[in-house]
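First comes the structure, then the notes that go with it.
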Amino acid sequence: MKYFDHISTPLGEMLLIEENNAITHLSLPAKESLPEDFLKTSAIEQCTPVILSAKAQLTEYFQGNRREFDLPLNPSGTPFQKKVWKALCTIPYGETRSYKDIAVQIENPKGCRAVGMANNKNTIMIIIPCHRVIGSNGSLVGYGGGLHIKEWLLAHERKYSL
């Protein structure tokens, strides 16, 4: 069964989706429509224990009191994408890595562009911290929620990592 609920954040209202007791999506609805397959299901709007925990942890994150998330996650993706997303979760709060750094970490040093594509397909923003990945020259490049959101998230983390 699929469940969904919304959370109000400094970035705007965000959509949380849970399936089989794991978070599968966290997004800004204004920036990302519901997944196609989601619209074909009988999803229920309900604040389940998993969604309630996600809301609490996200609230703590936005208050500057949480640096790591402890939630069951089940993003849908290819084995390569999942490998990239797992690597993203190792980037410490308040720090950044380049696409090349991630490619090297997953033992695919020439896979910078593929890492970027996997980042773009991340359906669980913030919790799987794709916002912490930047260009090799330090520039903010590519973010599905918009570069202004990426910039805000990085500034937020810098503020609370001091």
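The values are calculated or read from the model by the stated rules, or taken from the named source; none is laboratory data. All values reported here derive from a predicted model rather than from experimental measurement. Cβ sites come from the backbone with ideal geometry, for glycine too, and all protein chains shown count toward neighbours. All accessible areas refer to the heavy atoms of the entire protein, side chains included, with ligands and DNA or RNA removed. Shrake-Rupley method; radii C 1.70, N 1.55, O 1.52, S 1.80 Å.
Note on the chain: along the principal axes its Cα atoms extend 44, 35, 26 Å, ordered by decreasing extent.
Qualifying GluC sites (Glu not before Pro) in region 106-162, where qualification requires a DSSP coil assignment and no more than 10 other C-beta atoms within 10 Å, comprise Glu107.
Near Thr9, the amide H atoms lying under 5 Å from its own belong to Met14; only residues 5 or more places off or on other chains count, and H is placed 1.01 Å from N. A 1.4 Å probe, protein heavy atoms only, puts the accessible area of Asp5 near 20 Å².
With contacts taken as Cα pairs under 8 Å at a separation of at least 6 residues, the chain carries a relative contact order of 21 percent.
Sparse packing (at most 13 other Cβ atoms within 10 Å of the Cβ) combined with a DSSP loop state is found for none of the chymotrypsin sites (Phe, Trp or Tyr not before Pro) in region 45-102.
For the chain, excluding the exposed loop sites themselves (trypsin sites (Lys or Arg not before Pro), DSSP loop, at most 11 other Cβ atoms within 10 Å), the longest remaining stretch covers 41-109.
For the chain, the share of DSSP beta bridges that are antiparallel, to the nearest 5, is 70%.
Within region 114-155, the ratio Rg/Rh, alpha carbon atoms throughout and Rh by Kirkwood, equals 0.91. Among the protein heavy atoms, those of Ile44 account for about 60 Å² of accessible surface (1.4 Å probe, every chain in place).
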